[in-house]
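Comments concern the structure below.
We did not get these values from a lab; they are worked out from the coordinates using the rules stated. All figures in this text were calculated on a predicted structure; none of them were measured in a lab. With ideal geometry, Cβ positions are generated from the backbone for all residues, glycine too; neighbour counts draw on all protein chains shown.
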Amino acid sequence: MEPSAKYLYYPGCSLKGTGIAYEESLLTTFRLLELPIKELPDWNCCGATNYMSVSETSATLLAARNLALARQTGSRDLLAPCNACYLTLRKSQELVAHYPKIAHEVEQFLEQAGLPRLDSVRVRHVLEVLYTDVGVERLRELTVRRLQGVRMASYYGCQAVRPYGEVDDPHEPTRMDQILKAVGVDVVEYNLKTKCCGGALTGTIHDVGVRLNYILLKEAMRQGAQAIVTICPLCQFNLDAYQAEIRKQTGEPIDMPIFYLTQIVGWALGGDVRELGLHRAISGKKLIEQWFTVKKEAETYV
Amino acid sequence: MERQIRYQREADLEWAHRFTQHPGCERLLSCIQCGTCSGTCPLSIYMDITPRQVIAMVREGFRDDVLKSKTIWLCASCYACSVECPQKINITDVMYRLKREAIQNNVFPKRFPIPVLAQEFCEMVRRRGRNSEFWMVFRMALRSNPAILLSMMRTGWDLWRTGRLSMRMERIQRVNELQYIPAATKEVD
Amino acid sequence: MSEQRNGHVRIGVYICHCGANIADTVDVKAVAEYAATLPGVVISREYKYMCSDPGQELIQKDIEEHAINRVVVAACSPTLHENTFRGAAERAGLNPFFVQMVNIREHDSWVHSDREAATVKAKDLVRAAVMRVYFHKPLEKRRVPIHPEVLVVGGGIAGIHAALTVANSGKRVYLVEREPTIGGHMAQYDKTFPTLDCAACILTPKMSAVRAHPNITLWTYSEVVSVDGSVGDYKVVVKRKPRYVHEDLCVGCLQCIETCVYKDSKFDDEFNLGLSKRKPIYIPFAQATPKVVVIDPDACIQLKTGKCKKSCMEACVERGAIDFAQKETYEEIHVGSIIIATGFQTFDPRRMPQYGYGKYPNVYNTLEVERLVNASGPTSGQVITRDGRVPKSVGIVLCVGSRDENTNRWCSRVCCMTSLKLAHLIKEHTGAEVYIFYIDMRAAGKGYEEFYQRVLNEGVHFIRGRVAEITDWALDPSEAGKLVARVEDTNTGFVRRIPLDMVVLAVGLEPQPDAHEVQRMFGISCSLDGFFLEKHPKLAPAPTYTDGIFIAGLCHGPKDIPDTVMQAGYAAAEAIALADTGFFELEPNTAYVVEEECSGCKTCVPLCPYQAVTFNEEKQKAFINEVLCKGCGTCVAACPSGSIKQNLFEDEEIYSEIEGVLAYA
Amino acid sequence: MEDRPVSDKLSTSVQWEPIIVAFFCNWCTYTAADLAGVARMGYDPNVRVIRVMCSGRVDPQFVLDAFAHGADGVLIGGCHPGDCHYVEGNYKTLRRYHLLRRLLRDLGIEEQRLRLEWIAASEGEKVSKTINEMVEQVRALGPLRLSRRFKEWDAELASLEAEAQSEEVVAHV
């Protein structure tokens, strides 16, 4: 791809590990949409919530390095698909903008590290790019196949819509719903679309984390959803990875595929199952096979 | 019996005053103790003191009671409280601030996994520029509660067979640039 | 030079301590000593309270004994006491316009803490006034006559009470109401707190009294569309919307409604907030005043398509009151003063999606529940949820759209008491468990705390906590099929989930959606919250900054019925007093043309918004009509030859002030 | 006039502090400043308010006169557009303000020394905020001291004149 691609891609650590399918589907979707995208060279970890818990200054510096690197490339849009990365980068911008002391420290650090001063890099989330830059109507037009009659719940998680509400409305986000509907999915009502999945809690205070995910899954089922669509690698992981454990604990027959938005959009645009990382699911494998491979002949071509 | 009374000399009002000067904590004094934060919080049901009580305690200078609470470590930074607060208090930022003070003062619950995770994480990121999920979880478990590793076996296997578990130690190229970031635990003010 | 024009100038300077209000921050003694050194100053004094009788006497004595002929008073804002000191001067035989005030309280001691800087500022301001007062001229106050008739805008309890009070004093009142009937929000209420007497029983007699009063002209279904003029003579145009029924012919027999081609009522009834239905031809409620039907042009087949058999007309054939050709008409009236009582709207809880209003049918707002518990309401007083059940548990959520930076910052004052009342009534009607979720229970008022005690003792649950969300998903079998309120019970410190059959949102009170248009039309101000601004928060809570315009009721801010009635009576008293005085004194700050200097360029003519400036073609000079001039000074500033002057704000006066404040810069 | 009082913090000798002359309209901004006082919303003591009935009364010459007499900044406060007590006086102020800013620029006076702000009667907070901002801004610009520069200019002119005259004399001779 050309050197100064429109979108500079900031993967964050998860998209290189547990969230690899998010990266695969994102790049596939962007290719199908003919949106130029390029990975930010030598990016570092955003710091996530952990760094902020230890040092505000260091956390901001860590995030600032990425923003400075982005500026070096000449692209204006820094695309962070992970909710935590998105917010951490955005928050560091806010801290720099509102607190001169922090701004000063950032300036000093960048100078020492030989990096350029911060400029107006726009931190973007995938959902926002799909909704604003591409648009629901365009996605509808580009859709080549539809998941006829499949009911899904859209789950936004926390840090994309809160606290700034720039990706979508913090109370009642609808953009993912609109996109999913446009590409042919039946979207069910879902009260918990912005309730927290617990983030890293599944790894630290395991029972609490799993309980939160149980509630999310159960409510989705109650609303008749057959799958949940996410926009964050951690949400996807939490909802996907512990279903067996939840089944064992509660005895409830929960086995639900958890997708990334880019997997669903990418498939609707004609992407290949493996290219979209759909084979990497842990839960709901049967349904995934049914929808995306076995019943291939049943696909409706538009 | 343990006496529950608080003498006024135990209240660190100077600390409380300084607290409201920190980024994000400016509106703390506007709190009307309505409890929307606690009601909204998905994790308040596990907390020893509710977020509302945290604010009341901070405001009244009961520093030690707040710093040793599990509440601040249960906060998953979902920002629901900050968005709902009728007084626009950035409760999430208040929690972050308290976490930092707790770590600096070493008063968090020992072998409690969350502060350990945070420190491990920072250490790894500062040294290598990236976080390798597998190694981070592994080291955290070793330091806090190795028994957890057993329960994680299944998840690990699931991830492994779907190609989502990378054991590579990630590292950025220009790691030298990170040396100018002060060691996280040294933050003072 | 000024001595030549004004005779021998002898200035007295008076610095007020205002108790400690000024003296704590400004070194008043130093200011007085400094003032004494200024040219023309004969006497300089400081005193604890200049506005008190002894303070005023001090000035009067100096005028009489020391032949002081210019007075500078450094005290509070001129908007507060300028008239006081002018009066003092006048009583001592000095023209009142030889007084100049210096604002060293609101503009100095109250906003600065550095004593040294505040004192320097006070000296600068006093010096400027001393230099300015040099040039003052004797002026005469202008008097405008007051038209005795009064306009009341808004026919809720505030407007009704104000109109009756003014009318009872023998003056003619025009009462204009936008809706087809007067009565306002109060007509929708069931009982009133804390006495629980029925709202209709106390309101409807007043409504009929308005209708019957010989001094009141009642125009319902009408709106004020323009206001011109000023105190004493406001020219007001009122639009009377067509109700397609002749008010003077309709007797309110309601047979037309019965015979309407719509057999069933199928349009949302506004008065019952959509909880019941009405026909295209309807009467808002049984006691509507005037008791005249109205036709909804958006629902009536005849008005929409012109193709109806018009059975209503047939029913009314004898009286012939129905007239589909009726058009809107305009009335022009002249009044001396105006009372604005345009009321409020309730907060739309859809703005807080976490409470599920509009999503869950069993979530109500307080106004809807007022109709539900009302014996003449849509359910004849039975509390039944939208899905037809008698609720066993009811939650009342307070501060919905109040005390919230995300919606409205203010406390709406009445919701605590309204909720107590509704809790009592719901319990009485259904025997349900009632939960009141509150942040602070505000029951200040005569008999209010006692009522709170009564409801406490009836076993209503008071849960101190702001509800985080209302949902319909059950985490426990006991919650199945119910709404659930998630809340921190801050008294116990538990986060609780409380299953409810019915949720009542105690919605806050807001300015009317068109308050800003009304504000502009009448030339008054709004406070930051959007409610109309009173002239003084303590001492003039019904007058506005615009003379002859008064505000009453909730258009000024949330208040309960007794406070509304009191303010309405007060506004009426002010209007009566103004009319009885018969004249109003205006500041003599008009502009005038010095003809010899006018070059006839006509720059000023189009600038005047009041057409007070005209051009005398014969003389080729501009002319200012002093009666029309309001004293803004725009023409003065624009005149290229400097031939337009303004009394009280003469160029040399302002230049001296500029020079004065900057003498040491 | 007489000497500056002894305890003068604003005197130029010790530490320069900007002086701002403010023209506030009677109905909105002056009332708002009163409100700021009632609510004790403190602000920098560098401002001197002159009351006019309408911001439309502010003759551009007032502004120039203030600068000439030593003001470092001039603030004009009027009602919000559409809210003018005199219907549209503030629109006229706005037009004059734009012209004045250009004039000031041509005269070599920084435009930021003149500010026009719409402040409604209820916006006490805005009075305090605006004044503080402006004091800050003018402080950053430094002293204008036009009145002193007049003397310098006069002296300069006088010497130029003398020079010209002597040259004339020479020429005549």
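If I take R0 = 35 Å and measure r between the Cβ atoms of C:Leu303 and C:Asn406 in this structure, what FRET efficiency does the formula 1/(1 + (r/R0)^6) give, to the nearest 0.05? The pair C:Leu303/C:Asn406 has a calculated efficiency of 0.25. For the protein assembly as shown, evaluate the Debye formula with one uniform point scatterer on each Cα (no solvent term) and list log10 I(q)/I(0) at q = 0.05, 0.06, 0.07, 0.08 Å⁻¹, rounded to two decimals. After summing over all Cα pairs, the log10 values are -0.51, -0.73, -0.96, -1.17. Label-to-label distance, A:Arg138 versus D:Ala140, with points set 7 angstrom from Cα along the beta-carbon direction: 3.9 nm. For chain A, the relative contact order comes to 21 percent (Cα pairs under 8 Å, sequence separation of at least 6). Note on C:Lys538/C:Val237: beta-carbon distance plugged into 1/(1 + (r/R0)^6) with R0 of 51 Å gives a FRET efficiency of 0.90. The residues packed around C:Phe285, meaning those with a beta-carbon under 12 Å from its beta-carbon, carry a net charge of 0 if Lys and Arg are +1 and Asp and Glu are -1.
When both the range B:100-149 and the range A:139-166 are represented by their alpha-carbon centers, they are found 34 Å apart. Only Lys, Arg, Asp and Glu carry charge here, each on its Cβ (+1 for the first two, -1 for the last two); on that basis the range C:140-256 has a dipole of about 260 debye about its Cα centre. Axis angle, to the nearest 10 degrees, between helix B:91-104 and the longest C-alpha principal axis of chain B: 70 degrees. With the largest listed first and rounded to whole Å, the semi-axes of the equivalent ellipsoid of chain B from the Cα gyration tensor are 34, 20, 17. Relative to the first principal axis of the alpha-carbon coordinates of chain A, what is the inclination of helix A:100-112, with its axis defined by its Cα atoms, in degrees from 0 to 90 and to the nearest 10? So the inclination is approximately 80 degrees.
The residue list C:Tyr14, C:Gly431, C:His81 was ranked by how far each Cα lies along the charge dipole of chain C toward its positive end, using unit charges on Cβ atoms, and C:Gly431 comes out on top. If only the Cβ of Lys and Arg carry +1 and only the Cβ of Asp and Glu carry -1, the dipole of the protein assembly as shown around its Cα centre is close to 4720 debye. Find which of B:Ser77, B:Val54, B:Gln8 sits farthest along the positive direction of the dipole of the range B:8-104, computed with +1 on the beta-carbon of Lys and Arg, -1 on that of Asp and Glu, about the Cα centre. So the residue furthest toward the plus end is B:Ser77.
Per residue of peptide C:184-197, the mean number of Cβ atoms on other chains within 10 Å of the residue Cβ is 0. A helix-only calculation puts chain C at -8000 deg cm²/dmol for mean residue ellipticity at 222 nm, using -39500 (n - 2.57) for each DSSP H run of at least four residues, averaged over all residues.
Between the listed residues C:Leu275, C:Val261, C:Val251, the Cα displaced farthest toward the positive end of the dipole of the range C:221-296, a dipole computed from Cβ unit charges relative to the Cα centre, is found at C:Val261.
Remark: for residue pairs C:Lys121/C:Lys535; C:Lys48/C:Lys121; C:Lys279/C:Lys482; A:Lys181/C:Lys266; A:Lys195/C:Lys392; A:Lys101/C:Lys121, the C-alpha separation exceeds 24 Å in C:Lys121/C:Lys535; C:Lys279/C:Lys482; A:Lys181/C:Lys266; A:Lys195/C:Lys392; A:Lys101/C:Lys121. Residues of the range C:635-665 with amide nitrogen under 16 Å from the 7 Å Cα-to-Cβ point of C:Glu596? Taking a point 7 Å out along Cα→Cβ of C:Glu596, the residues of the range C:635-665 whose backbone N falls under 16 Å are C:642-645. About its Cα centre, the dipole of chain C is roughly 1600 debye, where the only charges are +1 on Lys and Arg Cβ and -1 on Asp and Glu Cβ.
Roughly speaking, what is the centre-to-centre gap between the range A:45-96 and the range C:198-250 when only Cα atoms are used, to the nearest Å? A separation of 63 Å, based on Cα centres.
Computed from Cα atoms, the angle from the helix A:56-73 axis to the main principal axis of chain A rounds to 90 degrees. Net charge of the neighbourhood of A:Thr230, taken over other residues with C-beta under 11 Å away and scored Lys/Arg +1, Asp/Glu -1, is 0.
In this structure, C:Asn83 and B:Glu14 have a Cβ-Cβ separation that, at R0 = 60 Å, corresponds to a calculated FRET efficiency of about 0.75.
For chain C, relative contact order (Cα pairs under 8 Å, six or more residues apart, normalised by length) works out to 13 percent.
Each of C:His516, C:His17, A:His125 was scored by other Cβ atoms within 10 Å of its Cβ. Listed from fewest to most, they are C:His516, C:His17, A:His125. For the pair C:Tyr49 and C:Glu270, label points projected 7 Å from Cα toward Cβ lie 5.2 nm apart.
For the range A:100-205, what does the relative contact order come out to in percent, with C-alpha contacts under 8 Å and a separation of six or more? 28 percent. Between the alpha-carbon centres of the range C:271-343 and the range C:66-126 there is a gap of 58 Å. Computed over neighbours whose Cβ is under 9 Å from that of C:Lys235, the net charge equals -3, Lys and Arg +1, Asp and Glu -1.
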